[in-house]
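The values are calculated or read from the model by the stated rules, or taken from the named source; none is laboratory data. Being a predicted model, the structure only gives us computed values, none of them experimental. Cβ atoms come from the backbone with ideal geometry, glycine included; neighbour counts cover every protein chain shown. Ligands, DNA and RNA are stripped out before the accessible areas are found, and what is left, the full protein with its side chains, is counted by its heavy atoms. Shrake-Rupley method; radii C 1.70, N 1.55, O 1.52, S 1.80 Å.
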Amino acid sequence: MGKGGGCVPSKKKISKSTSQNPPPPIPAVDPHSTTNDAVSATESARDSVPEKTQNLKIFIIFYSMYGHVESLARKMKKGVEAVDGVEAVLYRVPETLTEEILVQMRAPVKDDSIPEIPSPDQLAGADGFLFGFPTRYGCMAAQMKAFFDSTGQLWREQKLAGKPAGFFVSTGTQGGGQETTAWTAITQLAHHGMLFVPIGYTFGAGMFKMDSIRGGTPYGAGVFAGDGTREASETEMALAEHQGKYMAAVVKKLQVHI
């Protein structure tokens, strides 16, 4: 056997199979691919785009015999809709007095542009409420109480539980129930599991003015009707608009945290 007789294979010897069959190239990514992976990625990107949401709704539901509460309600609607993403819907509650009695009481004809609420069931579709009514001996007027009395099925199913609500009122005199008319109404909310939202002193300096007669309390906006001929003052109207904005902001905050 000669020198370097070849008994030990050379370490530099290249495998025949390796040299003839190189590893397959890594396929390039096709940006126009319609594979399942591409479809999934597209769907994922589409799903990440937030959908346009509907406006939150605040129902402003009121009873007004001589128009004082209605004037506040209209101002509240303006305040609510000043907050982006929130809209207000005005509704009257049904009248319980006959036309003959209303004529004798010299009540003006109601504006048909504001409809009566069709059914108590409508309440379930709102995100918040502002209820307005005149006082009757320190409590809400019978027309509004009759409406609350018709919400028994909603109470039974607790359809309104957790929904925020506020009050605004009208009284004939300064000591006629600006506060008691609101706080005696809180029982209606409590049994429904609703959240009472007072305005406190968020109106600022306007809550402390003593140079003129002004309705409204920390419970909510208010107006003095006097004998029925007095109209809401500029400050009373401004407070009503403020309450609308305030309630809209509260409703919006609650929706974010739900």
Quick one: which of 115-121, 57-63 comes out on top by average Cβ neighbours within 10 Å, and what's the full order, highest first? 57-63, 115-121
Volume per residue, Å³, of the convex hull around the alpha-carbon atoms of the range 113-160? 101 Å³
Globularity ratio of the range 146-258, using Cα Rg and 2.2 N^0.38 Å: 1.17
Please work out the average accessible area per residue across the range 104-213, using the 1.4 Å probe convention, and give it in Å². 52 Å²
The set of residues whose placed amide H lies less than 5 Å from the amide H of THR217, leaving out same-chain residues fewer than 5 positions away, is GLY222
Inverse of mean 1/r across different Cα pairs in the range 123-199, Kirkwood, Å: 12.7 Å
If you average the alpha carbon positions of the range 166-237 and of the range 63-81, how far apart do those two centres end up, in angstrom? 13 Å
In whole angstrom, largest first, the equivalent ellipsoid semi-axes that the Cα gyration tensor gives for the range 72-203 are 23, 18, 17
Counting only protein heavy atoms, what percent of the accessible surface of the range 183-251 is carbon or sulfur at a 1.4 Å probe? 60 percent
Cα-Cα P(r), the range 186-235, percent of pairs per 5 Å interval: 5, 17, 22, 19, 14, 13, 9, 2
